[in-house]
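The values are calculated or read from the model by the stated rules, or taken from the named source; none is laboratory data. Here the structure is a predicted model, which is why all the values come from computation and not from measurement. As a convention, Cβ positions derive from the backbone with ideal geometry for all residues, glycine included, and neighbour counts pool all protein chains shown. Side chains included, ligands, DNA and RNA excluded: accessible areas come from the protein's heavy atoms. Shrake-Rupley method; radii C 1.70, N 1.55, O 1.52, S 1.80 Å.
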Amino acid sequence: MTYSLRNLPSVDQLLQRPMAQAWIPVYGRSLVVDALRAVLETARDAYQADAPLPGTKQLLNNALQSLEQWTASSLVTVINATGVILHTNLGRAPLSRAALEAVRAAAEGYSNLEFDLPTGRRGSRLVHAEQLLKRLTGAEAALVVNNNAAAVLLVLTTLARRKGVVIGRSQLVEIGGGFRVPDVMKQSAPG
């Protein structure tokens, strides 16, 4: 039994194979090493349960399968047949082509996200949406947050500090990540 286990190649021996070397630029050395270690451990465990030892080619194929599985996107396209247009569990609202193009254009290179071009100094990432919202709404100021919990917290902290706030029974729900509306509301009240 010990002799057969010694026939398994080492992580380093597998790592030197051209197939494994080709994975490093794609997955990174650390992840490739993790995959090789995992397949060797699986092979040892299977051998202890009387399974035959896999060959080098099979070990490498198994490692590649692990790498592909570990790095595959867990997000997939689904059909929203719930009747709820902005369903928080289904990615909310799909982006329009124009919005996707704007994201692509801004994300494919560097941008002035937090850089004030006229002064040449550090700027604020908030000004981009703020200027548009102020013009659109006529408000004196604007702030964008990325979830309902943050919006509730900011609105109540700003507008209802030290005041009572009524909440409907239908709003005693979780709003994402385990946040319950009443708990978020309590956070906005001073200690």
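Overview of values
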item: Sites Ala51 and Asn147 - FRET efficiency at Förster radius 35 Å, r taken between beta-carbons, to 0.05; result: 0.15
item: Tensor-based shape of region 16-79 (alpha-carbon gyration tensor, a/c under 1.5 rounded, otherwise prolate or oblate); result: oblate
item: About the Cα centre, charge dipole magnitude for region 61-124 (Lys/Arg +1, Asp/Glu -1 at Cβ), debye; result: 160 debye
item: Given charges at beta-carbon only (K, R positive; D, E negative), |dipole| of the chain in Debye; result: 660 debye
item: Length released on extending from Ser124 to Thr158, taking residue separation times 0.36 nm less the Cα-Cα span; result: 10.1 nm
item: Vicinal HN-Hα couplings computed from phi for region 77-86 (Karplus, 6.51 cos²θ - 1.76 cosθ + 1.60; Hz; Gly/Pro x); result: 6, 10, 9, 8, 10, 7, x, 9, 5, 9
item: Spin-label zone in region 1-32 - amide nitrogen under 15 Å from a point set 7 Å from the Cα of Arg44 along the C-beta vector; result: 1-14
item: With all protein chains modelled, accessible area of Ile24 [1.4 Å, Å²]; result: 40 Å²
item: Three-way shape call for region 55-120 based on the alpha-carbon gyration tensor, with the a/c threshold at 1.5; result: oblate
item: Carbon + sulfur, % of accessible area of the chain - ligands and nucleic acids excluded, 1.4 Å; result: 55 percent
item: Cα-based shape type of region 103-143, given that a ≥ b ≥ c are square roots of the gyration tensor eigenvalues and the cut on a/c is 1.5; result: oblate
item: Size of charge dipole - region 19-125 - debye, nearest 20, with Cβ of Lys, Arg +1 and Asp, Glu -1, no other charges; result: 340 debye
item: Calculated FRET value between Glu174 and Arg97, using beta carbons and R₀ = 35 Å, to 0.05; result: 0.60
item: Gain on full stretching of the segment that runs from Asp183 to Arg37 - 0.36 nm per residue minus C-alpha separation; result: 48.1 nm
item: Rough spin-label spacing in nm, given labels placed 7 Å along Cα→Cβ, for Thr88 and Phe115; result: 3.7 nm
item: Cβ-Cβ FRET estimate between Lys134 and Ala22, R0 fixed at 35 Å, reported to 0.05; result: 0.10
